[in-house]
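Novice: One structure, pasted below without further comment.
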Amino acid sequence: VYVNNLVPRNLLIIQDGINRPAIWDGVVGVTANPEKKVTTDADGNTLYDAAYNQTRIGLWSAWSGDRLFVFNGRLGFASDLGDPTHFTEELTLTSFPVMVFPDEVTGAIDRGTSGNNQSAVIVCTRTTTWTLFSGVRNRIPSAYGAGWANTAGWMTKIFSGVGCVAGKSMTVHRGLLYWRSLDGLVVFDSVNTVNSTQNLPIIDQEMAYSK
(Lines give C-alpha, C1' and ligand atoms only; values in the text may rest on other atoms or scores of the structure.)
Protein backbone atom coordinates (compact mmCIF):
# COMPACT_ATOMS: atom_id res chain seq x y z
CA VAL A 1 0.00 0.00 0.00
CA TYR A 2 1.33 3.43 -0.93
CA VAL A 3 0.86 6.18 1.63
CA ASN A 4 1.71 9.80 0.77
CA ASN A 5 3.51 10.65 4.00
CA LEU A 6 7.17 11.43 3.29
CA VAL A 7 9.96 13.05 5.26
CA PRO A 8 11.20 16.11 3.27
CA ARG A 9 14.43 15.42 1.38
CA ASN A 10 16.39 16.73 -1.55
CA LEU A 11 16.07 14.85 -4.84
CA LEU A 12 17.67 15.27 -8.24
CA ILE A 13 15.44 13.98 -11.04
CA ILE A 14 17.15 13.68 -14.43
CA GLN A 15 15.01 13.54 -17.59
CA ASP A 16 15.71 13.35 -21.33
CA GLY A 17 12.16 12.96 -22.67
CA ILE A 18 12.78 9.39 -23.84
CA ASN A 19 14.06 7.17 -21.04
CA ARG A 20 12.72 6.55 -17.56
CA PRO A 21 13.71 9.29 -15.07
CA ALA A 22 16.82 8.81 -12.97
CA ILE A 23 16.38 9.83 -9.33
CA TRP A 24 19.35 10.64 -7.07
CA ASP A 25 19.07 11.51 -3.39
CA GLY A 26 22.76 12.16 -2.80
CA VAL A 27 23.46 8.58 -1.76
CA VAL A 28 21.40 6.19 -3.86
CA GLY A 29 20.35 6.40 -7.50
CA VAL A 30 17.29 4.62 -8.89
CA THR A 31 15.34 4.52 -12.14
CA ALA A 32 11.67 5.43 -11.83
CA ASN A 33 8.99 3.01 -13.01
CA PRO A 34 6.08 4.96 -14.55
CA GLU A 35 4.15 1.78 -15.42
CA LYS A 36 0.60 1.99 -14.07
CA LYS A 37 -0.63 -0.62 -11.58
CA VAL A 38 -3.71 -0.47 -9.38
CA THR A 39 -5.13 -3.34 -7.34
CA THR A 40 -8.11 -3.78 -5.04
CA ASP A 41 -8.20 -5.69 -1.77
CA ALA A 42 -11.02 -7.90 -0.48
CA ASP A 43 -12.77 -4.89 1.07
CA GLY A 44 -12.78 -2.96 -2.19
CA ASN A 45 -10.00 -0.56 -1.17
CA THR A 46 -7.76 0.73 -3.96
CA LEU A 47 -4.10 -0.12 -3.48
CA TYR A 48 -1.13 1.53 -5.18
CA ASP A 49 2.12 -0.44 -5.32
CA ALA A 50 4.99 1.91 -4.40
CA ALA A 51 7.17 0.25 -7.07
CA TYR A 52 4.77 1.41 -9.82
CA ASN A 53 3.05 4.68 -10.82
CA GLN A 54 6.33 6.53 -10.35
CA THR A 55 7.67 9.71 -11.99
CA ARG A 56 6.43 10.20 -15.54
CA ILE A 57 8.84 10.32 -18.48
CA GLY A 58 9.24 13.90 -19.64
CA LEU A 59 11.59 16.56 -20.94
CA TRP A 60 10.60 19.75 -19.09
CA SER A 61 9.49 19.93 -15.49
CA ALA A 62 8.79 22.39 -12.68
CA TRP A 63 8.29 21.98 -8.91
CA SER A 64 5.36 24.19 -7.94
CA GLY A 65 2.61 24.06 -5.34
CA ASP A 66 4.37 21.06 -3.74
CA ARG A 67 3.95 18.99 -6.90
CA LEU A 68 6.26 18.04 -9.75
CA PHE A 69 4.78 19.05 -13.10
CA VAL A 70 6.25 17.00 -15.97
CA PHE A 71 5.80 17.76 -19.67
CA ASN A 72 6.45 15.49 -22.62
CA GLY A 73 5.36 16.41 -26.12
CA ARG A 74 1.91 18.00 -25.94
CA LEU A 75 1.01 16.42 -22.61
CA GLY A 76 1.51 17.55 -19.02
CA PHE A 77 1.25 15.54 -15.80
CA ALA A 78 1.38 16.38 -12.09
CA SER A 79 2.75 14.29 -9.23
CA ASP A 80 1.04 13.51 -5.96
CA LEU A 81 1.03 16.32 -3.41
CA GLY A 82 4.42 16.52 -1.71
CA ASP A 83 5.80 13.49 -3.57
CA PRO A 84 7.57 13.98 -6.93
CA THR A 85 8.29 10.25 -7.17
CA HIS A 86 4.67 9.03 -7.49
CA PHE A 87 1.84 9.90 -9.87
CA THR A 88 -1.17 8.09 -8.41
CA GLU A 89 -3.69 10.94 -8.03
CA GLU A 90 -3.94 11.20 -11.81
CA LEU A 91 -5.53 7.72 -11.86
CA THR A 92 -8.77 9.26 -10.51
CA LEU A 93 -10.85 10.50 -13.46
CA THR A 94 -12.10 13.57 -11.54
CA SER A 95 -8.54 14.71 -10.83
CA PHE A 96 -7.73 16.51 -14.15
CA PRO A 97 -5.42 13.58 -15.02
CA VAL A 98 -3.63 15.12 -17.98
CA MET A 99 -3.07 18.58 -19.45
CA VAL A 100 -3.15 18.79 -23.25
CA PHE A 101 -1.49 21.67 -25.13
CA PRO A 102 -1.95 22.64 -28.78
CA ASP A 103 1.68 21.97 -29.62
CA GLU A 104 4.80 20.46 -28.06
CA VAL A 105 5.76 22.01 -24.73
CA THR A 106 9.09 23.83 -25.05
CA GLY A 107 9.62 25.05 -21.48
CA ALA A 108 8.12 25.34 -18.00
CA ILE A 109 8.96 27.22 -14.81
CA ASP A 110 7.49 27.83 -11.36
CA ARG A 111 6.08 31.37 -11.10
CA GLY A 112 6.08 31.30 -7.30
CA THR A 113 3.75 33.04 -4.89
CA SER A 114 3.41 36.69 -3.92
CA GLY A 115 0.94 37.99 -1.35
CA ASN A 116 -2.49 36.43 -1.75
CA ASN A 117 -1.85 35.25 -5.30
CA GLN A 118 -1.74 31.58 -6.12
CA SER A 119 1.37 29.74 -7.19
CA ALA A 120 1.43 29.04 -10.91
CA VAL A 121 3.44 27.13 -13.47
CA ILE A 122 4.21 29.04 -16.64
CA VAL A 123 4.18 26.60 -19.59
CA CYS A 124 5.19 27.48 -23.14
CA THR A 125 4.93 26.00 -26.59
CA ARG A 126 6.71 27.71 -29.49
CA THR A 127 3.79 30.08 -30.08
CA THR A 128 1.65 30.10 -26.91
CA THR A 129 2.07 30.66 -23.16
CA TRP A 130 -0.11 29.12 -20.44
CA THR A 131 -0.56 29.17 -16.68
CA LEU A 132 -1.47 26.25 -14.44
CA PHE A 133 -2.61 27.39 -11.00
CA SER A 134 -0.61 24.98 -8.86
CA GLY A 135 -1.61 26.95 -5.76
CA VAL A 136 -4.94 25.10 -5.87
CA ARG A 137 -3.71 22.25 -3.70
CA ASN A 138 -6.93 20.22 -3.70
CA ARG A 139 -6.61 18.37 -6.99
CA ILE A 140 -9.50 15.93 -6.54
CA PRO A 141 -12.98 17.32 -5.73
CA SER A 142 -13.84 16.84 -2.07
CA ALA A 143 -15.21 18.67 0.95
CA TYR A 144 -11.92 20.61 1.04
CA GLY A 145 -12.28 22.15 -2.41
CA ALA A 146 -13.72 21.94 -5.91
CA GLY A 147 -10.60 20.42 -7.41
CA TRP A 148 -8.72 21.39 -10.56
CA ALA A 149 -11.37 20.29 -13.04
CA ASN A 150 -13.97 22.52 -11.35
CA THR A 151 -11.73 25.55 -10.77
CA ALA A 152 -12.42 28.23 -13.37
CA GLY A 153 -9.27 29.26 -15.21
CA TRP A 154 -7.08 26.61 -13.61
CA MET A 155 -5.43 26.12 -17.02
CA THR A 156 -5.38 29.37 -18.98
CA LYS A 157 -3.73 30.59 -22.16
CA ILE A 158 -2.24 34.01 -21.40
CA PHE A 159 -0.34 34.70 -24.66
CA SER A 160 -1.22 33.72 -28.20
CA GLY A 161 1.59 34.21 -30.69
CA VAL A 162 4.23 34.45 -27.94
CA GLY A 163 5.96 31.27 -26.83
CA CYS A 164 9.38 29.92 -25.94
CA VAL A 165 12.06 28.46 -28.21
CA ALA A 166 14.68 27.72 -25.54
CA GLY A 167 13.39 26.01 -22.41
CA LYS A 168 16.62 26.56 -20.50
CA SER A 169 16.32 30.32 -21.04
CA MET A 170 13.31 30.59 -18.71
CA THR A 171 14.43 32.29 -15.51
CA VAL A 172 13.17 34.62 -12.80
CA HIS A 173 15.32 37.65 -12.00
CA ARG A 174 14.30 40.32 -9.47
CA GLY A 175 10.68 39.22 -9.66
CA LEU A 176 10.51 39.35 -13.46
CA LEU A 177 10.24 36.30 -15.69
CA TYR A 178 12.46 36.13 -18.77
CA TRP A 179 12.62 33.69 -21.68
CA ARG A 180 13.62 33.58 -25.35
CA SER A 181 10.83 33.60 -27.93
CA LEU A 182 10.71 33.49 -31.72
CA ASP A 183 10.85 37.31 -31.72
CA GLY A 184 13.58 37.72 -29.10
CA LEU A 185 13.73 38.11 -25.33
CA VAL A 186 10.43 38.27 -23.43
CA VAL A 187 10.15 40.06 -20.08
CA PHE A 188 6.97 39.16 -18.24
CA ASP A 189 5.75 41.19 -15.24
CA SER A 190 2.33 39.72 -14.52
CA VAL A 191 -0.15 42.07 -12.88
CA ASN A 192 -0.79 41.40 -9.18
CA THR A 193 1.77 38.59 -9.14
CA VAL A 194 4.90 40.45 -8.11
CA ASN A 195 5.60 43.78 -6.45
CA SER A 196 8.61 45.23 -8.24
CA THR A 197 9.72 48.36 -10.00
CA GLN A 198 10.63 48.67 -13.66
CA ASN A 199 13.38 51.11 -12.61
CA LEU A 200 15.97 48.42 -11.89
CA PRO A 201 19.62 49.38 -11.35
CA ILE A 202 22.17 48.33 -13.93
CA ILE A 203 23.70 45.00 -12.95
CA ASP A 204 26.48 44.84 -15.52
CA GLN A 205 28.83 47.41 -14.00
CA GLU A 206 31.72 45.68 -15.75
CA MET A 207 30.34 47.11 -19.01
CA ALA A 208 29.99 50.67 -17.69
CA TYR A 209 33.19 51.95 -19.37
CA SER A 210 32.30 50.61 -22.81
CA LYS A 211 28.82 52.06 -22.47
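Novice: Tell me which residues, restricted to region 1-22, are within 30 Å of D41 (Cα to Cα) and at pLDDT 95 or above.
Specialist: R20, P21
Novice: Which residues, taken from region 160-180, are open to solvent by 60 Å² or more (accessible area, probe 1.4 Å) and either of a type in the set (D, E) or within 22 Å of T125 (Cα to Cα) (or both)?
Specialist: Those that are open to solvent by 60 Å² or more (accessible area, probe 1.4 Å) and either of a type in the set (D, E) or within 22 Å of T125 (Cα to Cα) (or both): S160, K168, T171, V172, H173, R180.
Novice: Checking W24 against (1) within 29 Å of K168 (Cα to Cα); (2) in contact (Cβ under 8 Å) with a residue 24 or more places away in the chain, which single condition isn't satisfied?
Specialist: The one condition W24 does not meet is (2).
Novice: In region 57-70, what residues are part of a loop (DSSP other than H, G, I, E, B) and closer than 15 Å to R139 by Cβ?
Specialist: G65, D66
Novice: Report yes if some residue within region 1-21 is open to solvent by less than 90 Å² (accessible area, probe 1.4 Å), of a type in the set (G, A, S) and closer than 15 Å to D83 by Cα; otherwise report no.
Specialist: There is no residue in region 1-21 that is open to solvent by less than 90 Å² (accessible area, probe 1.4 Å), of a type in the set (G, A, S) and closer than 15 Å to D83 by Cα.
Novice: Something else about it: Within region 143-173, track down each residue that is in contact with a Gly (Cβ under 9 Å, 6 or more places away or on another chain) and of a type in the set (K, R).
Specialist: Result: K168, single match.
Novice: Which of the residues that make up region 82-103 are in a loop (DSSP other than H, G, I, E, B) and closer than 29 Å to R126 by Cα?
Specialist: P84, T85, F87, F96, P97, V98, F101, P102, D103
Each row is one residue, and each column tells you yes or no for (1) loosely packed, with under 15 Cβ neighbours inside 10 Å; (2) over 24 Å from V7 (Cβ atoms).
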residue: I23; (1), (2): no, no
residue: V27; (1), (2): yes, no
residue: A32; (1), (2): no, no
residue: T39; (1), (2): yes, yes
residue: L47; (1), (2): yes, no
residue: A50; (1), (2): yes, no
residue: Q54; (1), (2): no, no
residue: G58; (1), (2): no, yes
residue: S64; (1), (2): no, no
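Novice: For D66, indicate whether it is within 27 Å of R9 (Cβ to Cβ), of a type outside the set (S, T, N, Q) and free of Cβ contacts under 8 Å to residues at least 60 places away in the same chain.
Specialist: no
Novice: Only one residue in G65, G82, G76 is touching a Pro at 6+ places or on another chain (Cβ under 9 Å) and either at pLDDT 95 or above or within 29 Å of A146 (Cα to Cα) (or both), so which one is that?
Specialist: G82
Novice: Do we find a residue being more than 22 Å from E89 (Cα to Cα), over 16 Å from the mean Cα position of the chain (by Cα) and open to solvent by 50 Å² or more (accessible area, probe 1.4 Å) anywhere in region 135-154?
Specialist: no
The values are calculated or read from the model by the stated rules, or taken from the named source; none is laboratory data. Note that the structure is predicted; figures quoted are calculated from it, not measured. Cβ sites come from the backbone with ideal geometry, for glycine too, and all protein chains shown count toward neighbours. To get the accessible areas, we keep the full protein, side chains included, count just its heavy atoms, and leave off ligands, DNA and RNA. Shrake-Rupley method; radii C 1.70, N 1.55, O 1.52, S 1.80 Å.
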